[in-house]
Structure formats: structure tokens, C-alpha cells
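The structure appears right after this line, and notes come after that.
The values are calculated or read from the model by the stated rules, or taken from the named source; none is laboratory data. This one's a predicted model, so the numbers in the text were calculated from it and none came from an experiment. As a convention, Cβ positions derive from the backbone with ideal geometry for all residues, glycine included, and neighbour counts pool all protein chains shown. The area values use the complete protein model at the heavy-atom level, side chains included, leaving out ligands, DNA and RNA. Shrake-Rupley method; radii C 1.70, N 1.55, O 1.52, S 1.80 Å.
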Amino acid sequence: MRACIFRATGAPLEVVEVPDPQAEAGEVVVRVKNCGICGSDLHAAASRSVKMPSGTIMGHEFAGVVEQVGEGVNGFARGDAVAVMSYLACGECEMCSAGLGVKCARMRLVGFGDVPGAYAELMKTRPGSVFKLPQGMSFRAGATVEPLVVGLHGLRRARFQAGETCVIMGAGPIGLMMLLWARFAGARAIVISELVLERRERALKLGADAAVDPRMHNPAVAMNRLSGAGPDVVFECIGAPGSLAEAIAYAQRGGRVTVLGVSMEDDGFPPGLAMTKELDLHFSLGLEPGEVETAIAVLGSGRISTDPMITHTVGLDGLPAAFAALRQPTNQTKVMLEF
Ligand SMILES: [Zn+2]
Ligand SMILES: [Zn+2]
């Protein structure tokens, strides 16, 4: 099969021929239809602190069609339309048996060197990571299920309630997913903090009450103007050095800060300020049982649409250039590989 591989930190991705994966007992091979490029792929390919081996196939936000079903796999058949999650659980331990695959001690991440990802024609996984798509859902929408689940998990980690307010830092894909969920959950006011004008405009179209450039305006002040108080929750969806300190500065007394942005760099922040405000600080990564099903159901019902977020699609041969372009500041949101 053809696959797009990582060679070395900072080097361009390459499209090469690699052996087709074969489904062994307990495994499923999926033919990839759409795969989103994720900010964590960009971080991993550019960061010297992440050691991805040469030949890594990245890509963990994808949907496709079941191609092969290994021995002993029940519930899936060739031709099923599916979304696939970004983790691979053992499927055998106590946690896995209880449906908590994401808490499996042998859980491995897809697309960062350990398990080959979906910047390829085929991808091999296990049934615990595979979820059927409802009739009529596009593969493009299916490929947004994984980041949509990331947003839903963030919402739940923050214990966000109807009638509350939030500042969302960053209007990239995860920031916009947070925006969709915060609206869905009944937010009273939402302020987006984002450097890029086009991204601020897209956030306003998606229902933000205000979108500010943090170099010009303090988003917490903008929230105060809207609601009479600071934000109940600050969602940090940037993951750059300094953004955690900013989130703490924007939070109000007794507020919550929920971190979804991935940063692998050392990032000092002032604990004293967080303590003075007595903040709750949450980090959000994983997913809980039922969150994938909830995200698929809400997407399938049309109550949330991720379509406006998919700003560009690209074929496998165009992926290295599209990936390199995303390393520069961009007005794009979700760029998607499409077969
Ligand atoms: Zn991702
Ligand atoms: Zn397990």
C-alpha cells in the first residue's frame, strides 16, 4: 500500500510503498477514507523532545471502511463504515473487559511511532477502537469524531454546566470543537481568544459571542463586559509555552482552567496566582466510556455540525506539502487527507 511517512524532525513527510497490514486474530484492518491532520502531529514532527522513529505513519483522526476482520472478531463485517479512535487497547485486561479501554495499562497511542496510523491506504487496529457510523454520515464527518470526542471530554473534565461562561484560548480545531460543545451545553457567553483574524471570524460564525486578539484585548475583560464577571471556565486549546500562565491570568477567583492544548516543552506558571484565586486546574486527554457513542449520536442527529471546520482536503501525494504548510501560521482549520 501507499503511505505517507515521517523521516526526521523538521524534515518533510514522504509518500512511499510499504507492506499491506494483515488482520491477525482479534484485529481489524480499515481502508482509510478521510484522516484529519492534528495539531499534535505537527507538534510531534517538529519537536526534538518527541522521539518518533523514521518510518512512522502518523494520523489518528480517521474514518473508513472495514477491509479485513481477523479471527475471533465479532460485530464487524467487511464494508462497515466506521470511525476509529486514536488508542489501541489490549482488549483482554480487567479495564478492557469493563469497557475502559482507554485506561488499559497496555494502551498504546496510534500514529506516533508505536502503532502505525492512517496517513495510509490501510490501517490495522482492534475492535475496541472501532465505532460504526450511522447511515448517511459522511466519512469527512466521521473523521471529525476523534477531535469531537476530545472536546466533549474537555467539557466533562471542566464539569461545564448550562448557564456558565467560558473563554476559549485558540480557535484551531480543538478550540472550535470546545466552542461547539460549550454552545451545545448551554453556555451563557463564550469569548474566543485567537491571534489570526480569519480564525476569529470563523469562531464568530460558529456562535462565539466575542472573539478578541489577545495582543490587543484581554479576553477576561471582554467576558466581564458581556456577562458582568470573569469566565467560569478557561479552556486552554493552544499548547504553546506561556499559554498555561495566560489561562491562569484570565481565570476568575474560584474558576476552573481546563488544558487541552498539547505542549511538550517545559512551561513555568505562577502557582501563587493560581492559589490566590483557588483555581481548579484540569488536564484533559483521554476519553470515558460512552463519549465516542455520544459524539457520534450528536453529530449524526445534526445538533452539532463539524462541516464548517473542514476547510481543505488533500490527496496522499499532496499531504507532505499540506503538512509543511500547516507548520506556518495559517488561516486553515481542519485539513483532511482524502482518498
Ligand atoms: Zn488529534
Ligand atoms: Zn487492556
- Could you give me the residue pairs with C-beta distances under 6 Å whose first residue belongs to the stretch 47-67 and is touching a residue at least 24 places away in the same chain (Cβ under 8 Å), whose second residue is outside any loop (DSSP other than H, G, I, E, B) and of a type in the set (D, E, K, R) wherever it lies, and which are 6+ apart or on separate chains? M58/D41; E61/E146; A63/K33; G64/R31; G64/K33; V65/R31; E67/R31
- Any pair with Cβ under 7 angstrom, 6 or more apart, that starts in the stretch 18-43 at a residue that is of a type outside the set (F, W, Y) and within 16 Å of ligand 2 (Cβ to nearest atom) and ends at one that is open to solvent by 30 Å² or more (accessible area, probe 1.4 Å) and part of a strand (DSSP E or B): E27/K124
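Quick grid of which residues meet (1) open to solvent by 30 Å² or more (accessible area, probe 1.4 Å); (2) modelled with pLDDT under 95; (3) in contact with a helix residue (DSSP H, G or I) (Cβ under 9 Å, 6 or more places away or on another chain); (4) of a type in the set (A, V, I, L, M, F, W, C):
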residue: N224; (1), (2), (3), (4): yes, no, no, no
residue: C237; (1), (2), (3), (4): no, no, yes, yes
residue: G255; (1), (2), (3), (4): no, no, no, no
residue: L285; (1), (2), (3), (4): yes, yes, yes, yes
- Item | Out of A89, A83, A77, A46, sole residue that is closer than 19 Å to P289 by Cα, among the hydrophobic types (A, V, I, L, M, F, W, C) and either surrounded by fewer than 19 Cβ atoms within 10 Å (Cβ to Cβ) or at pLDDT 95 or above (or both) | A83
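Could we say that V65 is closer than 26 Å to I174 by Cα, more than 16 Å from ligand 1 (Cβ to nearest atom) and among the aliphatic types (A, V, I, L, M) here? Spell out how you get there, then give the answer.
Values: closer than 26 Å to I174 by Cα: yes; more than 16 Å from ligand 1 (Cβ to nearest atom): yes; among the aliphatic types (A, V, I, L, M): yes.
Judged against the criteria, V65 is a match.
Given the criterion in contact with a strand residue (DSSP E or B) (Cβ under 7 Å, 6 or more places away or on another chain), closer than 27 Å to L152 by Cβ, without any contact (Cβ under 8 Å) to a residue 60 or more places away in the chain and surrounded by 22 or more Cβ atoms within 10 Å (Cβ to Cβ), identify the matching residue among A247, A210, A251. Break it down stepwise before answering.
Working: A247 fails: without any contact (Cβ under 8 Å) to a residue 60 or more places away in the chain; A210 fails: surrounded by 22 or more Cβ atoms within 10 Å (Cβ to Cβ).
Checking each option against the conditions leaves just A251.
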- Message: Can you tell me which residue is nearest to ligand 1 (Cβ to nearest atom) among those in the stretch 68-97 that are among the small types (G, A, S) and within 20 Å of V149 (Cα to Cα)?
- Response: S86
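With V15, V28, V32 as the choices, which residue is away from ligand 1 (no atom under 16 Å from the Cβ), touching an Asp or Glu at 6+ places or on another chain (Cβ under 7 Å) and either of a type outside the set (D, E) or open to solvent by less than 40 Å² (accessible area, probe 1.4 Å) (or both)? Steps first, answer last, please.
Working: V28 fails: touching an Asp or Glu at 6+ places or on another chain (Cβ under 7 Å); V32 fails: away from ligand 1 (no atom under 16 Å from the Cβ).
Unique residue meeting the criteria: V15.
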- Message: What's the total number of residues in the stretch 58-72 that are open to solvent by less than 20 Å² (accessible area, probe 1.4 Å) and of a type outside the set (G, A, S)?
- Response: 5
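Only one residue in A185, A171 is over 14 Å from the mean Cα position of the chain (by Cα), under 19 Å from L226 (Cβ atoms) and either of a type outside the set (D, E) or open to solvent by 10 Å² or more (accessible area, probe 1.4 Å) (or both). Which one? Quick ask: steps written out before the conclusion?
On the way: A171 fails: over 14 Å from the mean Cα position of the chain (by Cα).
Only one candidate passes the filter, namely A185.
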- Message: Please determine whether any residue of the stretch 200-220 is at pLDDT 95 or above, within 16 Å of ligand 1 (Cβ to nearest atom) and at negative phi.
- Response: no
